[in-house]
Every structure is written in structure tokens, then in C-alpha cells.
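Enquirer: My structure is below; once you've seen it, I'll send some questions.
The values are calculated or read from the model by the stated rules, or taken from the named source; none is laboratory data. Only a predicted model underlies this, so the values are computations on that prediction, with no experimental measurement involved. Reconstructed Cβ throughout: ideal geometry from the backbone, glycine too, with neighbour counts over all protein chains shown.
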Amino acid sequence: MTTQDTDRKTNLALLALAALGIVYGDIGTSPLYAFKEAFTGHHALAVNHANVLATLSALFWSVMLIVSIKYVWVMLRFDNEGEGGVLALTAMAHRFARHNPRWATIVVTIGVFAAALFYGDAIITPAISVLSAVEGMHVATPNLHHLVVPITMGIIIGLFMIQRHGTGKVGGLFGPITLVWFVTLAILGLHSIIQTPAVLQALNPMHALEFAYAQPGRAFIVLAAVFLALTGGEALYADMGHFGARAVRVAWYGLVCPALLINYFGQGALVLRSPEAVKNPFYLLAPDWLLIPMVILATAATIIASQATITGAFSITLQASRLGYLPRLRVLHTSDVHRGQIYIPSVNWLMLVMVLILVAQFESSGALAAAYGIAVSGTMIITTTLTLFITLRLPKRLHIGLVLTLVLFGLLECLFLGSNLTKLGQGGWLPVLLGLLIFIMLTTWKEGTRLVGVQRREIDIPMKDFLSSPLPSVPRVPGTAVYLTSDTTLVPSALFHNLKHYKVMHERTIFLHVKTEDIPYVARKRRLTLKKLGEEMYQVTVHFGFREEPDVPKAMEGLNRHNIELISLQTSYFVARSTIIDGPGNLPHWRAALYAWMTRQSEGASTYYNLPPNSVVELGTQVIL
């Protein structure tokens, strides 16, 4: 074996270890509550031999089909320039549908709705994970039950408080802690299985199928509990860009999947021996002397799972902003090395408030489990649908096997969604309502921005008319004026107001358009395009990927190869900022008010594009919607 091969294997092992904490934190804490929910939830099954084997069988084959095959094997192949997640998949599908406006609208709408549903999952995961871990304290010391909620709230507040410092220092511990977690899951589960090996009969899918045939109604409802073992599956796909598909697969097949399934079967074996253990089979797997260490380890694991979800919420918010579905938001980069480590204050504090409300309202992981699942299953269905759409339009020979497999996944996920919908009355309405509200916000911003653009095209001067007409004989002042414009066919309103009020132009004028592409990152050689419009007048388009941080001054350094040098003290950036005025427009009054509010929350263009503060001139305009 060569040194290069050894280094490659070492790097893969390190990436797989890092992936344990970030990618598998959510699904890795599911054993805390998933199995017991089938026997203690709102539609609890009777604790008997047949029901335990049927539940384990359904859980095992669901994990194998949905996670091991769909996500780890199939979905990781559908990357958008190395990036995963529903928004990246939506951008990829949109490229295949751009020539058909109707399909393009459908693809984008369902993709954005899936992104909105993600936030519903993002606020439930920290609440249910930390609650389920701290509840182990009640198992160890029953008289401390009244402290479960306060301690949970304290941990959650601390978790969100440290977000502004970034995860760089703590991140190094995530992989090793999660490694200990999964190894512990496997050891405890294996010890229990050895005592009751009959539980392995559940590997036979006939136990689940016979149960479904004999009691279809009960089987349909129990799917909602089984689905809790799958939550976090989307993270495998969403976080693939951080570690690569190979590292994610090695971690899953090499450790995570075996450890999870062994622990689930161990819980089933325990319940077969002692039916009363169903009240909390996870913690009762451990001997008494190990209970307190297990509570500490489980709490650490759930904090890591919550951290991964919070980071995912930051990432998807950034992507939504780059793709034009949210206004410019204040984004802080917390690492000089890893640009993926970001902090968005507004999202952080809003999530904290929502998570604390959930904990105070539901008070237990069992109650929260009723609210969990609808948003995740809905997102899974949309992911399958978009993947099927892309598969049917691939230029290669149609893969009949892949199409049929995706259809099978879709049918299974529809069953899971239908089962989870039975929990609407017990709290399942909450993530759905939250998802709908966020969907309204995302689409309102997109539509409002489009209408503002339409109004501008009706009022502003077309660029071709401006260039074809003799330029007014106005004085030329030294320096370069850079006018930011969102529409290259129109004269920027800032230039129009300069000519109208000050009657001056700069010696050199650059019309700058920033374009966000449907790919995560843009190569440096494609960063900047230049078009000469006239004497010392240029149209410059700067291209960024939807995962990149826009840095306009740095990108403008590419003009040097076109013999255009921008001297910082002689360059001014002109930015137009719109104020929304309610009026008889195309948006209902409430949506116009919402768009106006979102506009006020938007970060200024100078900060968003990293423009030098002492070189920015901001001009305000009023827009009636």
C-alpha cells in the first residue's frame, strides 16, 4: 500500500468520524424515544410478543429501505455540484424545468414548501431530544421529576447562547463523543439481545406484514411511531457537502446503522423479558450504576443533535436568501477556516423562543412525539418527487429500476405521512402551521420582489434608450461610480437621480449586477463578466453560488485583467434602497404589509456585499405595492 493510499484512508476515516457528530446527531438520538412511543403513545399497542416483533420488524425494514437505500445509496448520488439538501435539489430540478414555465413553477413551489417544513422539524428536534435525555434523570431518581423541564430549558438556553461564538472549538469533540454514544448503544443492545435472542425473529418481514394484514388500522397508526426512527434521514443528504458522500456512507454502514438497529432490538428484547420496562426501555437497558453516566452521555448526544439542526437552519436560511426567497439577513462567519460555520442572529433567537415554548407546552418527549414526524415525512416525499422528476429528464438512458424504486419510496413515505397526520390533534398541527407561515413569508418575498422589478421596468429608463441617445452634456467628476442594479436592462435609479438632482457623472461608470447561480460555488474564472457599453461605461456581472458569501470588492479585482483598475479612494458605490408604500397594487394589503416589514429587516446592500462603508452612497426610493 502506497503512502498516498494510506493518507487517503486516514482522511476518509477522519471525515467519517466528523460526520458522526454533524450528520448523524439527529437520527442517532432516536432510540431515546422511537421504540417506546409505539407502546406508550396516544395509540399505544399492547405489550406482547407478537406486537413487539411486528414493531421491530417494521422499524428494521423501514430503516433499511428509507435510510440505507434511499438516502445513503440513492440520494447521495443526486448532488448539486457536491451539495445536498432540498433547496440544492430544487435548484438542480429547476435547471431541468427552466424551458417549461409551468413545470418550473411547480418544482420551485414544492421545493420551497419543503424548505419551509424543515423549520418545523428544526424547532422540534432540540426540544424532543434534550427532553428525552434529561428524562433519564427521572428514571435514576424519580423524586427529581419536577426538575426535568427547568433543566431542559437551561440546557437549551445555554446551547443557543453559545451559537454566536461558533462551533469551531466545540466541533472537535462532536465526532469522538458521538462515537462513544454509538458504541455504547451497540454494547447495551447486544447485551440484551444475548439474553433474549428470540427477538432476532423480527428480522423476518413477515412479522410486520402479518400484523398489517390482521390489524391494518393499528398497523397504519403504529407507522407514526416507527417513523420516529427515520427522523434525521434528511440530514444525511443535506450535510453531504460538508464531508462528501463516501465519508457519509462509511459512517452509516460501518457504525451508525448497526449500532442503532442493535439498540432497537436490545430494547425489544428487554420488553419481551420485562413488559413493565416499556415505560423507558432505553435507559432501563443500562445497569443501575451506569444510569447517571448514560443520562450525561445522552444529554451530550442530544446537544450535538440539536447543534446540527440549528446549523442546518442557518445554512438553509442562507441558501433561501441567496436564491431570492428571503431578504438579505445579517450573517456572521464564525470561523476563518470553515466558511460553512455561520451564525444568523435573527434565526437563532427566534428558534430559541419557539423551542422554549414547545418545552413549556408539551413538558415531555412522549407528548412532543405527537407533534414530530409530519414535517419530516412531507419533506421526504418532496425530496423523492424532485429526484423522480430529475431522473425522468436525465439525458442518459431511462433507468427503469431507479424510477420504480423511487415510486416505491414515495408510496412508503405517503403511508408514513398519512399515519403522522393522525397526530394532528395531539400537536401535529404545530409544525404544519409553522411551515405554512414560513412558506407564506418565502413566497411573499419572492413575489414582492418580482412586482417591485415589474414596477421599476415601467418607471425606469431602458438601458438601450439611455445608451442610444446622446448623453447629456453634464460635468464629469474624477473617479469611478459603481451602480448596483438588479436588472441590467434598466438604468439604475441612483444614476437617474444623480443626473436629475446633481447633474454630474463620473469619468468612469460601471453598472454592477450580482447574480446568484443555481450551483453552490462558482469557479474563479467564471466569477466576473465584462461588457463595454460606451466610452468609459461598462456592464459588469459578478457570479456567486448560492452557498457563497458575496464579496463584491474582492470579485471586482478581476477587472485588472481587463486593464481597469479601481482605486479605493476614487471609487464610489451607489445603492438604491426601496421603501414600500401600501397602495392599490397586485398584492393584498396584508401581504404588502408583510413584504414591507421583511424589507425593513433586510440587511443593507453595503454590508451584505461587503462594500467599503466609506465609499457607499445610498439613495432612497418609494415603491407602491
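Enquirer: Return only the number of the condition from (1) out of contact with any Gly (no Cβ under 7 Å at 6 or more places or on another chain); (2) at pLDDT 85 or above that residue 452 does not satisfy.
Expert: (2) is the only condition that residue 452 fails.
Enquirer: If you scan segment 279-333, which residues turn out to be closer than 27 Å to residue 87 by Cβ, assigned to a helix (DSSP H, G or I) and among the basic types (Lys, Arg)?
Expert: So the first thing to find is which residues in segment 279-333 are closer than 27 Å to residue 87 by Cβ, and the list is 302-333.
Next, only the ones that are assigned to a helix (DSSP H, G or I) stay: 302-322.
Correct list: 322 only.
Enquirer: Can I ask one more? Between 444, 391, 485, 405, which is hydroxyl-bearing (Ser, Thr, Tyr) and in contact with a strand residue (DSSP E or B) (Cβ under 8 Å, 6 or more places away or on another chain)?
Expert: On the way: 444 fails: in contact with a strand residue (DSSP E or B) (Cβ under 8 Å, 6 or more places away or on another chain); 391 fails: in contact with a strand residue (DSSP E or B) (Cβ under 8 Å, 6 or more places away or on another chain); 405 fails: in contact with a strand residue (DSSP E or B) (Cβ under 8 Å, 6 or more places away or on another chain).
Just one listed residue meets the conditions, 485.
Enquirer: Then there's this: Residues that are among the charged types (D, E, K, R) and modelled with pLDDT under 85: find the helices (runs of 4 or more DSSP H) completely inside segment 1-103 holding 1 or more of those.
Expert: Details: elements: 3-23, 25-28, 34-40, 49-62, 86-97.
Where helices (runs of 4 or more DSSP H) fall fully within segment 1-103 and carry at least 1 residues being among the charged types (D, E, K, R) and modelled with pLDDT under 85, they are 3-23, 25-28.
Enquirer: Say whether the condition of being touching a residue at least 60 places away in the same chain (Cβ under 8 Å), outside any helix (DSSP H, G or I) and among the polar types (S, T, N, Q) is met by at least one residue in segment 415-422. Walk me through how you get there before you give the answer.
Expert: Of the residues in segment 415-422, the ones touching a residue at least 60 places away in the same chain (Cβ under 8 Å) are 415-416, 418-420, 422.
With the extra rule that they be outside any helix (DSSP H, G or I), the set shrinks to 422.
Next cut, among the polar types (S, T, N, Q) only: 422.
Checked segment 415-422: at least one residue is touching a residue at least 60 places away in the same chain (Cβ under 8 Å), outside any helix (DSSP H, G or I) and among the polar types (S, T, N, Q).
Enquirer: Here's another thing I want to ask about it. If you check every pair at least six apart or on different chains, which have Cβ atoms under 9 Å apart with a residue in segment 172-197 that is within 26 Å of residue 12 (Cβ to Cβ) and in the same structural domain as residue 290 (by TED's automatic domain parsing) first and a residue that is at pLDDT 95 or above and surrounded by fewer than 22 Cβ atoms within 10 Å (Cβ to Cβ) second?
Expert: 182/258; 185/262; 186/258; 186/262; 187/262
Enquirer: Would you pick out the residues in segment 470-483 that are exposed (fewer than 12 other Cβ atoms within 10 Å of the Cβ) and assigned to a loop (DSSP other than H, G, I, E, B)?
Expert: Quick first cut of segment 470-483, residues exposed (fewer than 12 other Cβ atoms within 10 Å of the Cβ) only: 470, 472-473, 475, 478.
Residues satisfying the conditions are 470, 472, 473, 475.
Enquirer: If you don't mind, there's one more thing I want to ask. Considering only segment 584-607, I want to know if a residue exists there that is under 17 Å from residue 328 (Cβ atoms), surrounded by fewer than 17 Cβ atoms within 10 Å (Cβ to Cβ) and either of a type in the set (Gly, Ala, Ser) or not assigned by TED's automatic domain parsing to the domain that holds residue 494 (or both). Walk me through it before giving the result.
Expert: Here is the first cut: in segment 584-607, the ones under 17 Å from residue 328 (Cβ atoms) are 594-607.
Next cut, surrounded by fewer than 17 Cβ atoms within 10 Å (Cβ to Cβ) only: 597, 600-601, 603-604, 607.
Pick out the ones that are also either of a type in the set (Gly, Ala, Ser) or not assigned by TED's automatic domain parsing to the domain that holds residue 494 (or both) and you get 604.
Checking segment 584-607: at least one residue is under 17 Å from residue 328 (Cβ atoms), surrounded by fewer than 17 Cβ atoms within 10 Å (Cβ to Cβ) and either of a type in the set (Gly, Ala, Ser) or not assigned by TED's automatic domain parsing to the domain that holds residue 494 (or both).
Enquirer: Which residue pairs have Cβ atoms under 9 Å apart, sit 6 or more places apart or on different chains, and have a first residue in segment 227-249 that is at positive phi and buried (at least 24 other Cβ atoms within 10 Å of the Cβ) and a second that is in a loop (DSSP other than H, G, I, E, B) and not acidic (Asp, Glu)?
Expert: 232/24; 232/29
Enquirer: In the set 222, 250, which member is under 27 Å from residue 83 (Cα atoms) and part of a helix (DSSP H, G or I)? Give the steps one after another, and end with the answer.
Expert: Values: 222 fails: under 27 Å from residue 83 (Cα atoms).
Step by step, each of 222, 250 is checked, and only 250 is under 27 Å from residue 83 (Cα atoms) and part of a helix (DSSP H, G or I).
Enquirer: Output the residue which, of all residues in segment 200-226 that are of a type in the set (Phe, Trp, Tyr) and touching a residue at least 40 places away in the same chain (Cβ under 8 Å), is nearest to residue 50 (Cα to Cα). It would help to see each step written out before you state the result.
Expert: Filtering segment 200-226 for residues of a type in the set (Phe, Trp, Tyr) gives 211, 213, 220.
Retained after the next criterion (residues that are touching a residue at least 40 places away in the same chain (Cβ under 8 Å)): 211, 220.
Values: 211: 8, 220: 16 Å.
Out of the qualifying residues, it is 211.
Enquirer: Between residues in segment 484-501 that are within 21 Å of residue 604 (Cα to Cα) and assigned to a loop (DSSP other than H, G, I, E, B) and residues that are modelled with pLDDT under 85 and acidic (Asp, Glu), which pairs lie under 6 Å by C-beta distance while being six or more apart or on different chains?
Expert: If the second residue must be modelled with pLDDT under 85 and acidic (Asp, Glu), the pairs left are 491/460.
Enquirer: Need pairs with beta-carbon distance below 6 Å; first residue touching a residue at least 40 places away in the same chain (Cβ under 8 Å) and within segment 542-555, second among the charged types (D, E, K, R); sequence gap 6+ or separate chains.
Expert: What qualifies is 545/517; 546/322.
Enquirer: Only one of 514, 522 is within 30 Å of the chain's Cα centre (by Cα), in a strand (DSSP E or B), under 30 Å from residue 89 (Cβ atoms) and at pLDDT 85 or above. Can you tell me which? If you could, list the steps in order and put the result at the bottom.
Expert: Details: 522 fails: in a strand (DSSP E or B).
Going through 514, 522 in turn, the sole match is 514.
Enquirer: Only one of these is under 24 Å from residue 270 (Cβ atoms) and at pLDDT 90 or above: 141, 178, 196. Name it. I'd like the intermediate steps shown before the answer.
Expert: Details: 141 fails: at pLDDT 90 or above; 178 fails: at pLDDT 90 or above.
Going through 141, 178, 196 in turn, the sole match is 196.
Enquirer: Something else: If the requirement is being hydrophobic (A, V, I, L, M, F, W, C) and more than 26 Å from residue 476 (Cα to Cα), which of these qualifies: 598, 556?
Expert: Working: 556 fails: more than 26 Å from residue 476 (Cα to Cα).
The conditions single out 598.
One line per residue, one yes/no per condition, for (1) in contact (Cβ under 8 Å) with a residue 24 or more places away in the chain; (2) in contact with a helix residue (DSSP H, G or I) (Cβ under 7 Å, 6 or more places away or on another chain); (3) crowded, with 24+ Cβ neighbours inside 10 Å:
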site: 51; (1), (2), (3): yes, no, no
site: 61; (1), (2), (3): yes, yes, no
site: 73; (1), (2), (3): yes, no, no
site: 91; (1), (2), (3): yes, no, yes
site: 118; (1), (2), (3): yes, yes, yes
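Enquirer: Tell me whether segment 406-414 contains one or more residues that are more than 28 Å from residue 77 (Cα to Cα), buried (at least 19 other Cβ atoms within 10 Å of the Cβ) and aliphatic (A, V, I, L, M). Lay out the reasoning, then the answer.
Expert: Of all residues in segment 406-414, those more than 28 Å from residue 77 (Cα to Cα) come to none.
There is no residue in segment 406-414 that is more than 28 Å from residue 77 (Cα to Cα), buried (at least 19 other Cβ atoms within 10 Å of the Cβ) and aliphatic (A, V, I, L, M).
Enquirer: Additional query: Could you tell me which of the residues 473, 419, 469 is over 22 Å from residue 108 (Cβ atoms) and assigned by TED's automatic domain parsing to the domain that holds residue 66?
Expert: From the options 473, 419, 469, the qualifying one is 419.
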